[in-house]
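Written out below as structure tokens is the structure these notes cover.
The values are calculated or read from the model by the stated rules, or taken from the named source; none is laboratory data. All values derive from a computational prediction rather than experimental measurement. In this analysis, Cβ positions are derived from the backbone assuming ideal geometry, glycine residues included, and neighbour counts consider all displayed protein chains.
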Amino acid sequence: MKNLPRLLRLPALALVAAALSLAARAAVHIEPTETGLLIQNGEQLKLTFSYPRLMSADSKEVVKIVERRLSPRGAELIYEQGARATIEIDGGLIECRFADVPADVKLVGSSAQIPFSFATGGRWQAGGGEPQPFPESQPAKAHLYQGGGNEFAIHDLAGKVLRFTIPDYSYIQFTDNREWNWKIFTVRHHSPYNRDNPVIRIRVSDTASR
């Protein structure tokens, strides 16, 4: 009988743990829009990533999107030459399934613009390195990072984070566009397209890169 109160507390603790897990999962919001996937954590950290670009081995776009069919949890994309992509969103997981893709498509990529306000306290992270500040002054080299990796992260001025886990053997690039008289930062990434398994999965969380 002495153990009864403790036993009664166990289900309540389990419910609290589940609620905390759901709250953490809900911190990242992903929503299909006409221009791409809106991904956000809080009010300041809000980015729109382009829908998947189907590219050749030299990163040139092979076919463009001609039709978008949006739903609350995903999108159906129709490309030129009949290529198709089905995007499904499940919490922080984005799954893209492709079909009827032209033979010269070798890469699948996406990009997002990062507000210039991030130059006053925002940080970027890639390649397994530590978070680096977005530069206040124009840097000597426009590309802040170019390299391989399977994750990157963006930190806003308030300390909130969007962390992206992407397929292995991907390419990541952070750029300061003042080199071209454009006050904005961009991030882009692309992954190899596997015809034997035409699925790209990206996981988004609110924790910094490990």
| note | Across region 74-119, the tally of residues that are part of a strand (DSSP E or B) and out of contact with any Gly (no Cβ under 6 Å at 6 or more places or on another chain) stands at 25
| query | Within the set of pairs 6 or more residues apart or between chains, which connect a residue that is of a type in the set (Asp, Glu) inside region 117-137 to a residue that is part of a helix (DSSP H, G or I) with Cβ atoms less than 9 Å apart? | reply | Glu136/Ala119; Glu136/Thr120
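Quick grid of which residues meet (1) in contact (Cβ under 8 Å) with a residue 24 or more places away in the chain; (2) under 19 Å from Asn197 (Cα atoms):
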{"site": "Pro52", "(1), (2)": "yes, yes"}
{"site": "Gln81", "(1), (2)": "no, no"}
{"site": "Ala85", "(1), (2)": "yes, yes"}
{"site": "Phe152", "(1), (2)": "yes, no"}
| In region 133-156, how many are surrounded by fewer than 15 Cβ atoms within 10 Å (Cβ to Cβ) and either at pLDDT below 95 or among the acidic types (Asp, Glu) (or both)? | 1
| Within region 164-210, can you find the residues that are farther than 16 Å from Phe134 by Cα and basic (Lys, Arg)? | Arg195, Arg201, Arg203, Arg210
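Give me a count of the residues in region 149-204 that are part of a strand (DSSP E or B), closer than 21 Å to Val108 by Cβ and not basic (Lys, Arg).
Going through region 149-204, the residues part of a strand (DSSP E or B) turn out to be 149-155, 161-176, 185-192, 199-204.
Still in the running and closer than 21 Å to Val108 by Cβ: 149-154, 162-175, 186-192, 199-204.
Retained after the next criterion (residues that are not basic (Lys, Arg)): 149-154, 162, 164-175, 186-187, 189-192, 199-200, 202, 204.
The qualifying residues number 29.
Name the residue, out of Pro167, Pro102, that is in contact with a helix residue (DSSP H, G or I) (Cβ under 6 Å, 6 or more places away or on another chain) and under 20 Å from Val199 (Cβ atoms).
On the way: Pro167 fails: in contact with a helix residue (DSSP H, G or I) (Cβ under 6 Å, 6 or more places away or on another chain).
After ruling out the rest, the residue left standing is Pro102.
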